[in-house]
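The values are calculated or read from the model by the stated rules, or taken from the named source; none is laboratory data. These numbers were taken from a predicted model, which means no experiment stands behind them. When we count neighbours, we look across all protein chains shown, and the Cβ atoms used for this are built from the backbone with ideal geometry, even at glycine.
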Amino acid sequence: MKVGLLTSIREDHYLPGESFLKRYMTNLAPMYLAAYLEKQGFPAEVFIKDRLEDLIPYRPDILGISSVTENFEHAKKLAARAKALWNPIVILGGVHITSLPGTLPESCDIGVTGEGEQTFHELLQCIRRRGGMPSPDELRGVSGIVFRQEGRVVQTMPRKDLPAMDDIPHPDRRKFIRKIGTAYMMTSRGCPYTCSFCVIPAVSEGYRKHSASYVVDEIKAIKQAFPEVRHIRIFDDLYIVGKRRAIEIAERVAAEGLNKDLSYACWGRANLLDKDLLKALRKMNMMYVAFGAESGSSEILGRIKPASTLDENQRAIDRLHDQGVHPSCSFILGHPQESESDLWSTYAFIERNMDKLLEIEFNVAIPWPGTALWKDALDRGIVSETMNFDVLKECAYFPNYSTDLYPYLNRHIAPERFEVILEEFKTLFSKMMKKIENLGVGHEVNPGKEIAALQ
């Protein structure tokens, strides 16, 4: 059996005249699937490629496509084109279909909801036994999927996430990656918190983490496969949940000398950054810790991130700075209940901390499926499951944001006035980018020139 795996990334994200994408990281999700299939001894030849064109010569029996919401419309086109060219069984996975299983496209045979390793393996077993597309009755026996039957979408029982995280093998970067760009790794899955903007609680059960041994072994594997790597991003949604594990990882990294020519970065949370943890992070050469400060207004912060406070955010910035670990903060602008006064409070909070912050990330409130913001926008008729999701395709890039192009959720500030205020925040953003370059850490923080590519 031949299995082809793709990440849905639009064609306009390719470099002119090149066959690889304008990106600085490769998607590890297909590599986790391939590693899991290999561990289970499933007889499949797996191809992971950047583009559909790269898979055409192999004509895989199964085409797996992973897609986030902003690239969902492109995923539909990829599936339809593959069907027209050689008619593989198309399996769609990722955050979007997990959040909105009812949007399974006609061009896709099956959607995988939630964590994919076990479900994908079970589906391939089913396809192999059948010698082709399984019957509806057979598919009903597979947990964690959606499929079409007589024109309607059928969803099976949810699949429980893998409880033993270390049972998931490391992704084989050496086999599938040609240019690593910025090296990154995932040491946990999920998040125990429920922020209003975040889709993670809707697509993952609770919080599960790999052991310290697993994490350190993966760091060594990255370094062995790509000796040129000098910086690794720990890309967990929230790395520092579980203080004891984070300290153990830091101590083992230092003990094995993995802090000498490697630096690290991670996402944290203000209330978890105590002095003992920060000392350990500094010991492992954690160059910066990013966390969601979200707002300079107490009221809006409480709506975005319940139980968080401005004092906690300020204390986290101060502690990181004092320990020699760069603090980086992200902010959300345009929350439905945000007033102009709230926005200027955020601006003032950032200005007060410009000398301490390494990086600021701005995001305008976007109704991602599965979030509280999506529900609010759905109730107001701003979004729907039948909408063209291309409207969200570039919204993650703050300098390009415009209320004319993207869903605008705020109830209290006229769109025209919001645009004027955004210009002031874009000026702050430009100042921070210049600061990053002057500090000489542009590669670690904004690695735009570090292009990643698959084999």
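Couple of notes before you dig in:
- Residue check for ASP311: in contact (Cβ under 8 Å) with a residue 40 or more places away in the chain, assigned to a helix (DSSP H, G or I) and among the charged types (D, E, K, R): no
- Matching residues in segment 65-97 - criterion: being in contact with a helix residue (DSSP H, G or I) (Cβ under 7 Å, 6 or more places away or on another chain) and assigned to a strand (DSSP E or B): ILE65, SER66, ILE89, VAL90, ILE91, LEU92
- Those residues of segment 68-98 which are among the polar types (S, T, N, Q) and modelled with pLDDT of 95 or more, in sequence order: ASN87, THR98
- The residues of segment 50-61 that are more than 27 Å from ASP167 (Cβ to Cβ) and outside any helix (DSSP H, G or I), listed by number, are ASP50, ARG51, ILE56, PRO57, TYR58, ARG59.
- Selected residue [surrounded by fewer than 15 Cβ atoms within 10 Å (Cβ to Cβ) and modelled with pLDDT of 95 or more] from VAL142, VAL153, VAL146: VAL153
- A single member of ALA307, ALA316, ALA255 is of a type in the set (Gly, Ala, Ser), crowded, with 18+ Cβ neighbours inside 10 Å and in the same structural domain as ARG233 (by TED's automatic domain parsing), and it is ALA316.
- Test: residue in segment 381-403 that is more than 29 Å from SER204 (Cα to Cα), of a type outside the set (Ser, Thr, Tyr), modelled with pLDDT under 90 and not in a loop (DSSP other than H, G, I, E, B): yes
- Inside segment 223-237, residues that are within 17 Å of GLY257 (Cα to Cα) and in contact with a Phe, Trp or Tyr (Cβ under 9 Å, 6 or more places away or on another chain) make up a count of 2.
- Elements of type helices (runs of 4 or more DSSP H) in segment 143-255, at least 3 residues being farther than 30 Å from ILE91 by Cβ: 212-225, 243-255
- Segment 363-373, subset touching a strand residue (DSSP E or B) at 6+ places or on another chain (Cβ under 6 Å) and surrounded by 21 or more Cβ atoms within 10 Å (Cβ to Cβ), residue nearest to ALA202 (Cα to Cα): ALA365
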